[in-house]
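J.: First, the structure itself, so that you have it in front of you.
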Amino acid sequence: MPRRLSLVLLLSAAALVFALPGGARPAQNALTGTVGPGFSISLVDESGNLVTHLDPGTHTITVKDLSAEHNFDLTGPGIAQHTEVETTGTVTWTVTFTDGVYTYVCDAHPTQMKGQFAVGTATLPTPKPKPKPKPAAKKLAGSVGPGARIALRTASGARATSLKAGAYVLTVRDRSKTDDFRLRGKGVNVATGVAFTGAKKWKIRLARGTYRYFSDRHPALKGAVKVR
Ligand SMILES: [Cu+2]
């Protein structure tokens, strides 16, 4: 064996031994934190998955600060490490996590750019379920005139004969100087005015029962809608 090659092999073997003191590799997970470019910040594990939970112990975090407007600031039990906002670059931190919740943020945009993970027995707070949005008020369109006509229609334009109880926005177009449009029923009594022409709008709540709409001047001009 050439002398030079055996030396290389010897050095390689020595390096290997040096890398594995006592033959046991310390449990050290390599994490990667990235901030920027743009308004993004993340901490991922070796598989590239976003870190949400870690075992306690020593980890190395390679932080890639790719933006001169953002930084990576990690805090939690026993740890406070950060890069600078104005600078970019890559640093490696060796950190020891214990049970608890850790947070990383960009200090320039802490509400927008943030992340959290739990270590050991700790768990991340579960986000509050969003309150269910109230169903939007449905639209109703009333009309009276021109001539002897009156109608109440749903948003689709169909004549309203049967409606579900609930909140509605009623818009009435009154095109008659001699009639008004009145809607009356449980909890509702609105009218445009006989001499009035134009549009009026009300927020109303319809309950189960029958609602009638008519002209006060010509009561024969009328209609009804059932609310279920
Ligand atoms: Cu930022």
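J.: Read phi for every residue in the stretch 36-43 and hand back ³J(HN,Hα) as whole Hz from Karplus 6.51 cos²θ - 1.76 cosθ + 1.60, θ = phi - 60°, with x for Gly and Pro.
T.: My calculation for the stretch 36-43 gives x, x, x, 8, 10, 8, 7, 10 Hz in order.
J.: What is the distance, in nm, between label points placed 7 Å from the Cα along the Cα-to-Cβ direction at S162 and at F196?
T.: 3.2 nm
J.: Among bridges DSSP assigns within the chain, what percent are antiparallel (round to 5)?
T.: Working: 55 of 73 bridges.
DSSP beta bridges in the chain are roughly 75 percent antiparallel.
J.: Please report, in debye to the nearest 20, how large the charge dipole of the chain is about its Cα centre when each Lys and Arg carries +1 at its beta carbon and each Asp and Glu carries -1 there. Don't skip to the end; give the middle numbers.
T.: Numbers: 31 positive and 14 negative charges, 691 e Å.
Result for the chain is approximately 3320 debye, rounded to the nearest 20.
J.: Per the Kirkwood formula on distinct C-alpha pairs, the Rh of the stretch 58-105 is how many angstrom?
T.: Details: mean 1/r = 0.0896 Å⁻¹.
Result for the stretch 58-105 stands at 11.2 Å.
J.: Moving on to the next point. Please list 3J(HN,Hα) in residue order for the stretch 74-88, calculated via the Karplus relation 6.51 cos²θ - 1.76 cosθ + 1.60 where θ = phi - 60°; whole Hz, with x for glycine and proline.
T.: 10, 9, x, x, x, 9, 8, 9, 7, 8, 8, 5, 6, 10, 10
J.: Between V190 and residues 5 or more places away or on another chain, which pairs have amide H atoms under 5 Å apart, with H built 1.01 Å from N, and which residues are they?
T.: L183
J.: Next question. May I ask you to compute the full-extension gain from A155 to R228, defined as 0.36 nm times their residue separation minus their alpha-carbon distance, rounded to one decimal in nm? Before the final figure, lay out the partial values.
T.: Values: separation 73, 0.36 × 73 = 26.28 nm, distance 1.77 nm.
Extra length available between A155 and R228 comes to 24.5 nm.
J.: Using the Cα gyration tensor of the chain, with a ≥ b ≥ c the square roots of its eigenvalues, what is the shape: rounded (a/c below 1.5), prolate (a/b larger than b/c) or oblate (neither)?
T.: Numbers: a/c = 4.78, a/b = 4.12, b/c = 1.16.
Prolate is the answer for the chain, as a/c is 1.5 or above and a/b outweighs b/c.
Readers should treat all values here as calculations from the given coordinates under stated rules, not as data from a laboratory. Keep in mind that what you see is a predicted model, and the values were worked out from it rather than measured. Here Cβ is always computed from backbone atoms with ideal geometry, including for glycine, and neighbour counts include all displayed protein chains.
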